[in-house]
């Protein structure tokens, strides 16, 4: 019923994160409804992004610029004794928004999935070891991962991996989140909230 | 924190249907992570779509081809005495999937929003009147709109607009949907289900 | 941690429809917090209900009164040629609220569960057959069940059971419910809505 | 349509926590369907509860027994230097389930609602002040309230109220809950998780 070119583009959009075929179809109708200049602007922006945005040679955060290092890594004010390991780019943005962290980052590129060797190889663990080895100024490594099964597995894995370097290794504090209620909190969260009282 | 080109593309993707800034950011990281060839394929497909897909001169459904009419409108087997008016392209696909309708379509391009003249002008009501006027073979006009406030308002509006043409005008039957329960059905739905019993 | 009498009452309340142990516990704390007179009123009302409410000898709807028949079954204005079979009491209330149905009811007491003989025996199928046999004035039997798997199975079962009586047997009409959208309607619902257009 | 005694009981059940008229009606039909002995058991249990369960004279937790104090308050092993103030009974149960807290409790009976004097009077603030005054063994008061607006207001209120007694006053630690993700954590939760890292 739908032409081949529409179906192909639905397939391509369906690979975008969180997008299924129905939303992909709505993207197509949206694009068809746009003026030519508007579509050209989207295409041009994607091209420009792909040409000009590169990954920071220290933390792997994408950025645009001449230098090797992103704005955070090249900022002389940031505290180079703190290294915060995170799963993905958006986690860096989440932490930056708190304005409470002044150290550096390292984007691991994923989490440790249970028992899958192939996926493990995609993580930047080699690069992480090199960073820690070559930067003696690092005093504390913060493993800032989700409190999910995948995040926990990654924390355990990295603790073992980084132990030989003799740095202080910490993880995010657990407790009641904003809006959290005792009645619906699981026992582990509530235990942590009690232990971490202040 | 994010470079200008990333922020611009986030803004462009945020205009896509159902997409907010967070998902738009994930699109960017997804694109940055793709190989150059993969991004080129997406860009190429969007370009091709915009160049080669046009709107059917009868029903306004987008299609790819040399002819003026889409596959449905140019299909000699379809019943030209039935015209189904719908809000948008995906509604056409939904009805085609039932394989129960063999007539033609007309995509109105939206619904009647309460009291907003400017939006009303975007609807293809002029074109609709011309279709009905110039195609005496049309015997029944089906107003296949959502059972929402917007859909209902559009049905009322079109009934008045099309009345002078003296065609039979129908709307979709109401009743319990698949999976529907009496206990949670509103009174109007249940009334319709009772009246429409068979 | 909780005393035996509290735990027992939590267990009893947990058997109430839709109630789990957490809400049952909240019931207990609610009752403990009430004045003695308020608790006595609840207890008294339950006792009174159990003593004075009986099931209608025709339709099995619970009611309070001297007669054998409930208000609906003893109402001379109701149309005795229509019999609406329903799963449970609340379905009767839902249909009465529409004010569109003027016939009689019969509460089956459940639906046909797939392949479980023991549960089948709890349905009032014997009583239903007797009602249809002894009331020649019944012209149409409406099987007003949910559009769920259980409801559908019950409709098929009752159609076979009641066929020998030679009455007109109908079911609720299907279609888009109020608020329903074409895009999210399943194919069967949309097919029914198209077929039932008017 | 429904008899007066049914409607009265629906009204009484509708006052139970979390229960609306629809579920209340289902309770009625459930009770009508029970055997007489089963209903008598429910009534008997409610009567017994009301007669035999009393509130602990120290913490206000309901319990059954001869003594003045509940099992927790009369347990010689519990740490009497710790007093945990909570909103309601179920919060006590939640904390006990963690098996991490060995001190005593005090059930305040609610939270501080914004600006409503009448509701404030229902809180056991007078009793709380007496407990703290008369029990010099208390060293730390833990304000274990939800991280909601109501909980926060109560914490601020109690901090001011209890300040004159010169005890250490703490609150639950904030952070990522089990299952929490950085991407969906609010800035305050994430800030707390970073500060509380260990």
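Grab every C-alpha pair in region B:4-55, bin the distances at 5 angstrom width from 0 up to the longest one, and report whole percents.
Whole-percent P(r) values from 0 Å outward: 4, 19, 20, 23, 22, 9, 2, 0.
Scale the Cα Rg of region C:92-198 by the rule-of-thumb value 2.2 N^0.38 Å and send over the ratio, two decimals.
Relative to the rule-of-thumb radius for its length, region C:92-198 sits at 1.20.
Angle check, please: helix C:149-162 long axis (alpha carbons) against the longest principal axis of chain C (alpha carbons), in degrees 0 to 90, nearest 10.
It works out to around 60 degrees.
For chain C, what is the percent of antiparallel DSSP beta bridges, rounded to the nearest 5?
Antiparallel bridges make up about 20 percent of those DSSP assigns within chain C.
By what distance, in whole Å, do the Cα atoms of region D:61-101 stretch along each of the three principal axes, largest value first?
27, 21, 16
Per-residue Cβ counts within 10 Å, from other chains only, averaged over B:28-36: what number is that?
Partner Cβ neighbours, averaged per residue: 5.
Would you calculate the separation in nanometres between label points at residue D:77 and residue D:195, each defined as 7 Å from the Cα along the Cα-to-beta-carbon direction?
If labels sit at residue D:77 and residue D:195, their model points lie 3.6 nm apart.
Given a Förster distance of 35 angstrom, what is the FRET efficiency for residue D:97 paired with residue A:124, based on the Cβ-Cβ distance and rounded to 0.05?
0.30
Scaled to the compact-protein estimate 2.2 N^0.38 Å, what is the alpha-carbon radius of gyration of chain B, rounded to two decimal places?
Against the compact-globule rule of thumb, the ratio is 1.29.
Counting DSSP beta bridges with both partners in the protein assembly as shown, what percentage is antiparallel, nearest 5?
20
What average number of partner chain Cβ atoms lie no more than 10 Å from the Cβ of the residues making up A:85-91?
4
How big is the shadow of the Cα convex hull of the protein assembly as shown, averaged over all directions, in nm²?
45.4
Between the helical axis of D:125-134 and the dominant principal axis of chain D, each derived from Cα atoms, what acute angle in degrees is found, rounded to the nearest 10?
50
Find the relative contact order for region D:1-101 and round it to a whole percent, using C-alpha pairs within less than 8 Å whose residues are 6+ positions apart.
Relative contact order, region D:1-101: 11 percent.
Rounding to the nearest 10 and keeping the result within 0 to 90°, find how far the Cα-based axis of helix B:89-98 lies from the longest principal axis of chain B.
60
Can you pull the mean other chain C-beta count within 10 Å for peptide A:93-101?
Taking the mean over all residues of the peptide, I get 6.
Under the definition of Cα pairs under 8 Å and six or more residues apart, what whole-number percent is the relative contact order of chain D?
Relative contact order, chain D: 13 percent.
Using the scaling law 2.2 N^0.38 Å as the reference, what is the normalised Cα Rg of region C:58-152?
This ratio for region C:58-152 stands at 1.09.
Between region C:85-164 and region A:88-140, what is the separation of their alpha carbon centroids in Å?
Spelled out, the Cα-based centre of one part sits 63 Å from the other.
Just so you know, all these numbers are worked out from the coordinates, no wet-lab data involved. In this text, all values refer to a predicted model and were calculated from it rather than measured experimentally. Note: ideal-geometry Cβ built from the backbone for every residue, glycine included; neighbour counts use all protein chains shown.
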